[in-house]
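Participant: Below: one structure in C-alpha coordinates.
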Amino acid sequence: MIRRWFSLGVAASLLLGGCAPKVTDAPPPAPEKKAAEPGKDAGGANPGKKITVGFAQVGAESGWRTANTKSIKDEAAKRGIELKFDDAQQKQENQIKAIKAYIASKVDVIMFSPVVATGWESVLKEAKDAKIPVILSDRAIDPDNPELYATFIGSNFIEEGKRAAQWLVKKTGGKAKIAELTGTVGSAPANERKKGFEEVLKANPGMTIIKSQTGDFKRDKGKAVMEAFLKSPEGKDINVLFAHNDDMAIGAIQAIEAAGKKPGKDIIIVSIDGVKAAFEAMVAGKLNCTVECNPLLGPQLFDAVEAIVAGKPVEKRIESKEGVFDETQAKDEIGKRQY
Ligand code: GZL
(Lines give C-alpha, C1' and ligand atoms only; values in the text may rest on other atoms or scores of the structure.)
Protein backbone atom coordinates (compact mmCIF):
# COMPACT_ATOMS: atom_id res chain seq x y z
CA MET A 1 0.00 0.00 0.00
CA ILE A 2 1.62 3.26 -0.97
CA ARG A 3 1.40 6.41 1.08
CA ARG A 4 -1.60 8.35 -0.15
CA TRP A 5 -1.39 12.10 -0.07
CA PHE A 6 -4.56 14.05 0.42
CA SER A 7 -4.65 17.61 -0.64
CA LEU A 8 -7.54 19.24 1.11
CA GLY A 9 -6.52 22.84 0.98
CA VAL A 10 -9.49 25.13 0.75
CA ALA A 11 -7.45 27.77 -0.96
CA ALA A 12 -3.95 26.96 0.21
CA SER A 13 -2.82 23.53 1.26
CA LEU A 14 0.41 23.22 3.17
CA LEU A 15 3.16 20.77 2.40
CA LEU A 16 4.01 18.73 5.45
CA GLY A 17 6.34 20.71 7.69
CA GLY A 18 7.07 23.04 4.88
CA CYS A 19 5.77 25.83 2.77
CA ALA A 20 4.05 28.96 3.77
CA PRO A 21 0.32 29.47 3.70
CA LYS A 22 -0.66 31.21 0.48
CA VAL A 23 -0.54 34.87 1.29
CA THR A 24 -2.57 36.37 -1.47
CA ASP A 25 -2.34 39.92 -2.80
CA ALA A 26 -5.73 39.25 -4.23
CA PRO A 27 -8.46 41.79 -3.52
CA PRO A 28 -10.61 39.57 -1.23
CA PRO A 29 -11.29 41.45 1.97
CA ALA A 30 -8.20 41.86 4.10
CA PRO A 31 -8.48 40.65 7.71
CA GLU A 32 -9.19 43.12 10.48
CA LYS A 33 -6.22 45.49 10.63
CA LYS A 34 -5.08 47.24 13.76
CA ALA A 35 -5.48 51.01 13.38
CA ALA A 36 -2.11 52.41 12.41
CA GLU A 37 -0.58 54.17 15.40
CA PRO A 38 1.90 57.05 15.12
CA GLY A 39 5.23 55.69 13.94
CA LYS A 40 3.69 52.36 13.01
CA ASP A 41 2.65 51.10 9.56
CA ALA A 42 -0.89 50.04 8.70
CA GLY A 43 -0.15 46.55 9.95
CA GLY A 44 0.48 47.97 13.36
CA ALA A 45 4.09 46.88 13.27
CA ASN A 46 6.78 49.42 13.86
CA PRO A 47 9.52 48.42 11.39
CA GLY A 48 12.34 47.02 13.47
CA LYS A 49 10.10 46.51 16.51
CA LYS A 50 10.24 42.89 17.72
CA ILE A 51 6.97 41.09 17.04
CA THR A 52 5.37 39.72 20.20
CA VAL A 53 3.02 36.72 20.04
CA GLY A 54 0.99 35.15 22.84
CA PHE A 55 0.31 31.41 22.45
CA ALA A 56 -2.20 29.64 24.75
CA GLN A 57 -1.48 25.92 24.26
CA VAL A 58 -3.90 23.09 25.21
CA GLY A 59 -1.43 21.28 27.43
CA ALA A 60 1.15 18.50 27.11
CA GLU A 61 -1.27 15.56 26.90
CA SER A 62 0.25 13.64 24.00
CA GLY A 63 3.26 13.06 21.79
CA TRP A 64 1.47 15.06 19.13
CA ARG A 65 1.12 18.07 21.44
CA THR A 66 4.76 17.90 22.49
CA ALA A 67 5.83 17.97 18.84
CA ASN A 68 3.38 20.80 18.13
CA THR A 69 4.75 22.91 21.01
CA LYS A 70 8.36 22.28 19.92
CA SER A 71 7.55 23.34 16.36
CA ILE A 72 5.99 26.59 17.60
CA LYS A 73 8.79 27.47 20.05
CA ASP A 74 11.56 26.58 17.58
CA GLU A 75 10.01 28.67 14.81
CA ALA A 76 9.52 31.74 17.02
CA ALA A 77 13.16 31.54 18.14
CA LYS A 78 14.35 31.07 14.56
CA ARG A 79 12.51 34.23 13.47
CA GLY A 80 13.46 36.34 16.48
CA ILE A 81 9.81 36.68 17.49
CA GLU A 82 9.08 37.15 21.19
CA LEU A 83 6.79 34.28 22.27
CA LYS A 84 4.73 34.38 25.45
CA PHE A 85 3.68 30.75 25.95
CA ASP A 86 1.17 29.21 28.34
CA ASP A 87 0.36 25.51 28.95
CA ALA A 88 -3.31 25.35 30.03
CA GLN A 89 -3.12 21.76 31.29
CA GLN A 90 -6.21 21.00 29.19
CA LYS A 91 -8.37 23.52 31.10
CA GLN A 92 -10.39 26.08 29.15
CA GLU A 93 -10.38 28.55 32.05
CA ASN A 94 -6.58 28.60 31.94
CA GLN A 95 -6.56 29.31 28.22
CA ILE A 96 -9.05 32.15 28.65
CA LYS A 97 -6.93 33.59 31.48
CA ALA A 98 -3.84 33.47 29.27
CA ILE A 99 -5.62 35.14 26.33
CA LYS A 100 -6.84 37.94 28.65
CA ALA A 101 -3.26 38.44 29.86
CA TYR A 102 -2.03 38.66 26.25
CA ILE A 103 -4.69 41.28 25.52
CA ALA A 104 -3.64 43.27 28.60
CA SER A 105 0.01 43.15 27.55
CA LYS A 106 -0.95 44.25 24.03
CA VAL A 107 0.82 41.48 22.09
CA ASP A 108 0.83 41.87 18.30
CA VAL A 109 -0.94 38.54 17.65
CA ILE A 110 -2.67 35.94 19.82
CA MET A 111 -2.61 32.26 18.85
CA PHE A 112 -4.30 29.32 20.57
CA SER A 113 -5.51 25.77 20.06
CA PRO A 114 -9.00 25.63 21.66
CA VAL A 115 -9.07 22.73 24.14
CA VAL A 116 -12.83 22.48 23.53
CA ALA A 117 -14.76 23.94 20.61
CA THR A 118 -17.31 26.08 22.45
CA GLY A 119 -17.20 28.99 24.92
CA TRP A 120 -14.78 31.39 23.19
CA GLU A 121 -17.05 34.19 21.91
CA SER A 122 -16.60 36.54 24.87
CA VAL A 123 -12.81 36.47 25.15
CA LEU A 124 -12.34 36.59 21.37
CA LYS A 125 -14.63 39.63 21.25
CA GLU A 126 -12.34 41.26 23.84
CA ALA A 127 -9.35 40.56 21.55
CA LYS A 128 -11.23 41.98 18.56
CA ASP A 129 -12.17 45.13 20.51
CA ALA A 130 -8.51 45.47 21.48
CA LYS A 131 -7.63 45.16 17.75
CA ILE A 132 -5.38 42.15 18.39
CA PRO A 133 -5.63 39.57 15.57
CA VAL A 134 -6.20 35.94 16.65
CA ILE A 135 -4.92 32.82 14.87
CA LEU A 136 -6.59 29.45 15.55
CA SER A 137 -3.88 26.79 15.63
CA ASP A 138 -4.80 23.12 15.14
CA ARG A 139 -8.42 23.19 16.40
CA ALA A 140 -11.57 25.10 15.40
CA ILE A 141 -14.20 26.91 17.48
CA ASP A 142 -17.94 26.23 17.46
CA PRO A 143 -19.99 28.13 16.43
CA ASP A 144 -17.52 29.09 13.75
CA ASN A 145 -17.38 32.89 13.55
CA PRO A 146 -14.75 34.09 11.05
CA GLU A 147 -15.14 37.62 12.43
CA LEU A 148 -13.39 36.44 15.59
CA TYR A 149 -10.15 35.17 14.05
CA ALA A 150 -7.78 36.02 11.22
CA THR A 151 -7.06 32.45 10.08
CA PHE A 152 -7.43 28.81 11.18
CA ILE A 153 -4.41 26.63 10.38
CA GLY A 154 -4.76 22.90 10.99
CA SER A 155 -6.00 19.52 9.82
CA ASN A 156 -9.36 18.38 8.51
CA PHE A 157 -10.45 16.03 11.28
CA ILE A 158 -13.55 14.78 9.49
CA GLU A 159 -11.32 13.54 6.67
CA GLU A 160 -9.01 11.89 9.20
CA GLY A 161 -11.98 9.99 10.67
CA LYS A 162 -13.10 8.93 7.19
CA ARG A 163 -9.62 7.71 6.28
CA ALA A 164 -9.43 5.59 9.42
CA ALA A 165 -12.78 3.95 8.61
CA GLN A 166 -11.97 3.51 4.89
CA TRP A 167 -8.73 1.74 5.79
CA LEU A 168 -10.66 -0.51 8.20
CA VAL A 169 -13.25 -1.40 5.54
CA LYS A 170 -10.44 -2.73 3.36
CA LYS A 171 -8.64 -4.46 6.22
CA THR A 172 -11.74 -6.21 7.64
CA GLY A 173 -13.82 -6.70 4.52
CA GLY A 174 -16.48 -4.52 6.12
CA LYS A 175 -17.07 -6.75 9.15
CA ALA A 176 -16.03 -5.40 12.56
CA LYS A 177 -17.18 -5.04 16.15
CA ILE A 178 -15.46 -1.81 17.06
CA ALA A 179 -14.32 -0.34 20.38
CA GLU A 180 -13.74 3.42 20.11
CA LEU A 181 -11.47 5.53 22.33
CA THR A 182 -12.58 9.12 21.73
CA GLY A 183 -10.53 12.26 22.33
CA THR A 184 -11.19 15.08 24.79
CA VAL A 185 -14.95 15.53 25.23
CA GLY A 186 -16.16 18.59 23.31
CA SER A 187 -12.94 19.09 21.36
CA ALA A 188 -13.05 19.61 17.59
CA PRO A 189 -10.80 16.61 16.82
CA ALA A 190 -12.96 14.28 18.94
CA ASN A 191 -16.25 15.57 17.51
CA GLU A 192 -15.10 15.59 13.91
CA ARG A 193 -13.05 12.38 13.79
CA LYS A 194 -16.07 10.54 15.17
CA LYS A 195 -18.32 12.25 12.60
CA GLY A 196 -16.09 11.28 9.67
CA PHE A 197 -15.64 7.71 10.93
CA GLU A 198 -19.38 7.16 11.38
CA GLU A 199 -20.13 8.62 7.95
CA VAL A 200 -18.20 5.72 6.37
CA LEU A 201 -19.77 3.19 8.74
CA LYS A 202 -23.21 4.25 7.51
CA ALA A 203 -22.35 2.67 4.16
CA ASN A 204 -20.92 -0.45 5.84
CA PRO A 205 -23.60 -1.98 8.07
CA GLY A 206 -21.32 -4.93 8.91
CA MET A 207 -19.13 -2.53 10.93
CA THR A 208 -20.59 -1.41 14.24
CA ILE A 209 -19.23 0.52 17.22
CA ILE A 210 -20.15 -1.58 20.26
CA LYS A 211 -18.17 0.39 22.91
CA SER A 212 -17.21 4.08 22.93
CA GLN A 213 -15.70 6.20 25.70
CA THR A 214 -13.25 9.08 26.02
CA GLY A 215 -9.61 8.50 26.90
CA ASP A 216 -8.98 12.30 26.79
CA PHE A 217 -6.14 11.80 24.27
CA LYS A 218 -4.01 10.38 27.09
CA ARG A 219 -2.05 7.11 27.19
CA ASP A 220 -2.96 6.19 30.77
CA LYS A 221 -6.66 6.86 30.24
CA GLY A 222 -6.62 4.93 26.98
CA LYS A 223 -5.22 1.94 28.86
CA ALA A 224 -7.75 2.18 31.72
CA VAL A 225 -10.76 2.51 29.38
CA MET A 226 -9.59 -0.38 27.19
CA GLU A 227 -9.22 -2.55 30.29
CA ALA A 228 -12.84 -1.76 31.18
CA PHE A 229 -13.99 -2.46 27.59
CA LEU A 230 -12.32 -5.89 27.64
CA LYS A 231 -13.87 -6.77 31.02
CA SER A 232 -17.38 -5.78 29.82
CA PRO A 233 -19.90 -8.36 28.51
CA GLU A 234 -19.18 -7.18 24.93
CA GLY A 235 -15.41 -7.39 25.50
CA LYS A 236 -15.08 -10.83 23.94
CA ASP A 237 -16.67 -9.57 20.69
CA ILE A 238 -14.29 -6.63 20.13
CA ASN A 239 -12.08 -7.32 17.09
CA VAL A 240 -11.21 -3.71 16.17
CA LEU A 241 -10.06 -0.65 18.12
CA PHE A 242 -10.43 2.86 16.66
CA ALA A 243 -8.46 5.34 18.81
CA HIS A 244 -8.72 9.08 18.13
CA ASN A 245 -4.98 9.41 18.75
CA ASP A 246 -1.87 7.23 18.90
CA ASP A 247 -1.26 7.84 22.61
CA MET A 248 -4.58 6.25 23.60
CA ALA A 249 -3.91 3.38 21.16
CA ILE A 250 -0.54 2.71 22.80
CA GLY A 251 -2.14 2.66 26.23
CA ALA A 252 -4.81 0.28 24.90
CA ILE A 253 -2.13 -2.03 23.48
CA GLN A 254 -0.83 -2.52 27.03
CA ALA A 255 -4.35 -3.39 28.22
CA ILE A 256 -4.92 -5.84 25.36
CA GLU A 257 -1.66 -7.65 26.10
CA ALA A 258 -2.46 -7.73 29.84
CA ALA A 259 -5.74 -9.45 28.91
CA GLY A 260 -3.78 -12.16 27.09
CA LYS A 261 -4.75 -11.02 23.59
CA LYS A 262 -2.54 -10.05 20.64
CA PRO A 263 -2.88 -6.37 19.62
CA GLY A 264 -2.68 -5.98 15.85
CA LYS A 265 -3.91 -9.56 15.36
CA ASP A 266 -6.77 -10.52 17.72
CA ILE A 267 -7.75 -6.85 17.76
CA ILE A 268 -6.97 -4.73 14.69
CA ILE A 269 -5.97 -1.19 15.73
CA VAL A 270 -6.25 2.03 13.75
CA SER A 271 -5.40 5.39 15.30
CA ILE A 272 -4.62 8.98 14.30
CA ASP A 273 -1.59 11.33 14.59
CA GLY A 274 1.35 9.43 13.07
CA VAL A 275 3.78 9.96 15.98
CA LYS A 276 6.99 7.90 16.03
CA ALA A 277 5.68 5.64 18.82
CA ALA A 278 2.88 4.56 16.46
CA PHE A 279 5.43 3.57 13.80
CA GLU A 280 7.39 1.64 16.43
CA ALA A 281 4.19 -0.21 17.40
CA MET A 282 3.47 -0.99 13.73
CA VAL A 283 7.00 -2.33 13.22
CA ALA A 284 6.42 -4.52 16.31
CA GLY A 285 3.16 -5.79 14.74
CA LYS A 286 0.99 -4.32 17.54
CA LEU A 287 -0.66 -1.47 15.62
CA ASN A 288 -2.03 -1.73 12.10
CA CYS A 289 -2.57 1.80 10.79
CA THR A 290 -2.05 5.43 11.79
CA VAL A 291 -3.71 8.33 9.97
CA GLU A 292 -1.29 11.26 9.89
CA CYS A 293 -2.19 14.56 11.60
CA ASN A 294 0.60 17.09 11.14
CA PRO A 295 1.69 18.85 14.38
CA LEU A 296 4.57 20.74 12.76
CA LEU A 297 2.56 23.92 12.29
CA GLY A 298 5.25 26.39 13.45
CA PRO A 299 6.42 27.55 10.00
CA GLN A 300 2.89 28.11 8.70
CA LEU A 301 1.71 29.80 11.89
CA PHE A 302 4.55 32.32 11.92
CA ASP A 303 4.27 32.99 8.20
CA ALA A 304 0.68 33.98 8.96
CA VAL A 305 1.82 36.11 11.93
CA GLU A 306 4.34 38.02 9.81
CA ALA A 307 1.82 38.46 7.00
CA ILE A 308 -0.82 39.81 9.39
CA VAL A 309 1.61 42.18 11.13
CA ALA A 310 2.71 43.44 7.70
CA GLY A 311 -0.94 44.09 6.86
CA LYS A 312 -1.13 41.42 4.15
CA PRO A 313 -4.31 39.33 3.76
CA VAL A 314 -4.08 35.65 4.81
CA GLU A 315 -6.42 32.84 3.76
CA LYS A 316 -9.15 32.33 6.37
CA ARG A 317 -8.71 28.51 6.35
CA ILE A 318 -5.40 26.75 5.69
CA GLU A 319 -5.44 22.93 5.82
CA SER A 320 -2.53 20.57 6.39
CA LYS A 321 -1.52 17.99 3.81
CA GLU A 322 -1.39 14.52 5.37
CA GLY A 323 -1.15 10.84 4.55
CA VAL A 324 -2.13 7.40 5.87
CA PHE A 325 0.48 4.86 6.97
CA ASP A 326 -0.09 1.20 7.71
CA GLU A 327 1.87 -1.88 8.82
CA THR A 328 3.11 -2.55 5.25
CA GLN A 329 5.04 0.75 5.16
CA ALA A 330 6.14 1.26 8.76
CA LYS A 331 9.68 -0.12 8.38
CA ASP A 332 10.42 2.10 5.35
CA GLU A 333 8.84 5.22 6.80
CA ILE A 334 9.94 5.21 10.45
CA GLY A 335 13.38 6.66 9.71
CA LYS A 336 11.86 9.62 7.86
CA ARG A 337 9.48 10.71 10.63
CA GLN A 338 10.08 14.21 12.01
CA TYR A 339 8.02 13.74 15.18
C1 GZL B 1 -5.14 17.16 16.58
C2 GZL B 1 -4.80 17.52 18.02
C3 GZL B 1 -5.05 16.36 18.90
C4 GZL B 1 -4.15 15.16 18.60
C5 GZL B 1 -3.93 14.61 19.97
O6 GZL B 1 -4.83 18.22 15.73
O7 GZL B 1 -5.61 18.61 18.43
O8 GZL B 1 -4.77 16.76 20.24
O9 GZL B 1 -4.72 14.22 17.72
C10 GZL B 1 -3.73 15.89 20.74
O11 GZL B 1 -2.85 13.73 20.08
O12 GZL B 1 -3.82 15.67 22.09
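The values are calculated or read from the model by the stated rules, or taken from the named source; none is laboratory data. Here the structure is a predicted model, which means the values were calculated and not measured. Quick reminder, even Gly has a Cβ in these numbers, built from the backbone with ideal geometry, and neighbours come from all protein chains shown. Accessible surface areas use protein heavy atoms only, side chains included; no ligands, DNA or RNA. Shrake-Rupley method; radii C 1.70, N 1.55, O 1.52, S 1.80 Å.
Participant: Would you check which residues across segment 68-81 are touching a residue at least 60 places away in the same chain (Cβ under 8 Å) and buried (at least 20 other Cβ atoms within 10 Å of the Cβ) and list them?
Facilitator: Within segment 68-81, 68, 71, 72, 75, 76 qualify.
This table checks each residue for (1) over 25 Å from the mean Cα position of the chain (by Cα); (2) open to solvent by 10 Å² or more (accessible area, probe 1.4 Å).
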position: 226; (1), (2): no, no
position: 257; (1), (2): yes, yes
position: 265; (1), (2): yes, yes
position: 280; (1), (2): no, yes
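Participant: Then there's this: Output the residue which, of all residues in segment 183-200 that are within 11 Å of the ligand (Cβ to nearest atom) and of a type outside the set (A, V, I, L, M, F, W, C), is most open to solvent (accessible area, probe 1.4 Å). Walk me through it before giving the result.
Facilitator: Here is the first cut: in segment 183-200, the ones within 11 Å of the ligand (Cβ to nearest atom) are 183-184, 187-190, 192-193.
Adding the requirement that they be of a type outside the set (A, V, I, L, M, F, W, C) leaves 183-184, 187, 189, 192-193.
Numbers: 183: 1, 184: 13, 187: 0, 189: 4, 192: 57, 193: 7 Å².
Top of the filtered list is 192.
Participant: Looking at (1) within 16 Å of the ligand (Cβ to nearest atom); (2) open to solvent by 60 Å² or more (accessible area, probe 1.4 Å), which one does residue 177 not meet, given that it meets all the others?
Facilitator: For residue 177, the failing item is (1).
Participant: Which residues, counting only those in segment 78-132, are assigned to a helix (DSSP H, G or I) and either within 16 Å of the ligand (Cβ to nearest atom) or under 20 Å from residue 64 (Cα atoms) (or both)?
Facilitator: Result: 92, 94, 95.
Participant: While we're here: Only residues in segment 186-211 that are within 21 Å of residue 238 (Cα to Cα) count as the first member; pair them with residues that are away from the ligand (no atom under 16 Å from the Cβ) and charged (D, E, K, R), Cβ under 7 angstrom, at least 6 apart or cross-chain, and list the lot.
Facilitator: As it stands, the answer is 206/175; 207/175; 208/177; 210/177; 210/234; 210/237; 211/234, since those pairs meet every condition given.
Participant: Within segment 252-270, is there a residue that is in contact with a Cys (Cβ under 7 Å, 6 or more places away or on another chain), in a strand (DSSP E or B) and within 16 Å of the ligand (Cβ to nearest atom)?
Facilitator: Taking segment 252-270 first, the residues in contact with a Cys (Cβ under 7 Å, 6 or more places away or on another chain) are 270.
This time we only want the ones that are in a strand (DSSP E or B), so: 270.
Next cut, within 16 Å of the ligand (Cβ to nearest atom) only: 270.
Yes, there is a match, as at least one residue in segment 252-270 is in contact with a Cys (Cβ under 7 Å, 6 or more places away or on another chain), in a strand (DSSP E or B) and within 16 Å of the ligand (Cβ to nearest atom).
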